[in-house]
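Below is one structure, written out as structure tokens; the observations come after it.
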């Protein structure tokens, strides 16, 4: 027995059959989608299966009542105080990773000395984050130190029942443009004239057809 | 062309990636203790998580408890989000793990009690064909295992890619595909049984 792993190559039909649910929902990469489209042209069994799944999915996602969240949120909010967020960020984590990753190779005393140093670095890092106004501008956790260019000012969630013309009216009235979305949560990212941001924010919050408005800048949020 | 092989990102991929940045910004604010940002994220995710947990747990009395426990983890761990997955994938993975823990504590296997399910999800007197199929499907879904239900829900309703589901459920992508394949086969059999039982 050589121990070599023999890779089992699935027949094309089986691979297509297994991927049909994601083909149906449009959640495949371009290459996979094209391969399945090609297979569907020559496979009546997969075409029938796709149609069967389409009916099944339509029934599955139908009749979805949206529950109210406020009562549940009200129960959770008092628990937030006793469960403070873990205070760490990616810069501190990098330092910790470096030190902790090397700890196994060091004498115990050196590790202790380093742990004290890390504690000081963490404390200084936290102080810098508090004192430096630029620390309140946002960047992705995976990015380099330079912040990413801003791609919008607000996240807005419209009431799902409002017609398109209402959404258009709100956008025109607030001089806003949709620059991204829909987000996974159903919201849209809007860009608005920066000078009017607080006023626009207040106006959008007053709209009955807007379920939620949240600025992306911490300063405006305050 | 091998199935599952990663190709160049599509326009949809890039759009999703850009949209994800906005939710990452919210997470960063939550990580620094911003309650308003947390409430925004909570309201955004509440409908989707409720739906997911309703289908996965099959215990309406547990949904709110598990959802709030999961969001409390999000509140506490937001600063530790490492950006290796989408924010939605990260949050759903937390909810999935909390739900699994909750299921392991269930004393009674309510999910397989058909009479109780019928009382929770009663059929209306007059239903259209689609509603009938929906109700039959609901009963069938209740009969398959929780992990199979989770894959069906994340695929059909939440539109997750199988790679994302693998991250959420912490399993290989081939396992996700196999579970979905078996779930579909079981659902078909269960629906077929119900069809035979019709008067």
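Values for this structure:
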{"quantity": "Output for region B:162-199, where each listed residue is farther than 13 Å from residue A:18 by Cα, buried (at least 20 other Cβ atoms within 10 Å of the Cβ) and within 13 Å of chain A (Cβ to nearest Cβ)", "calculated": "B:164, B:165, B:168, B:187"}
{"quantity": "Residue within region A:54-72 that is on the phi > 0 side of the Ramachandran plot and modelled with pLDDT under 95 present", "calculated": "yes"}
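The values are calculated or read from the model by the stated rules, or taken from the named source; none is laboratory data. Not measured: the values here are computed from a predicted model. So basically every Cβ, Gly included, is an ideal-geometry build from the backbone, and we count neighbours across all protein chains shown.
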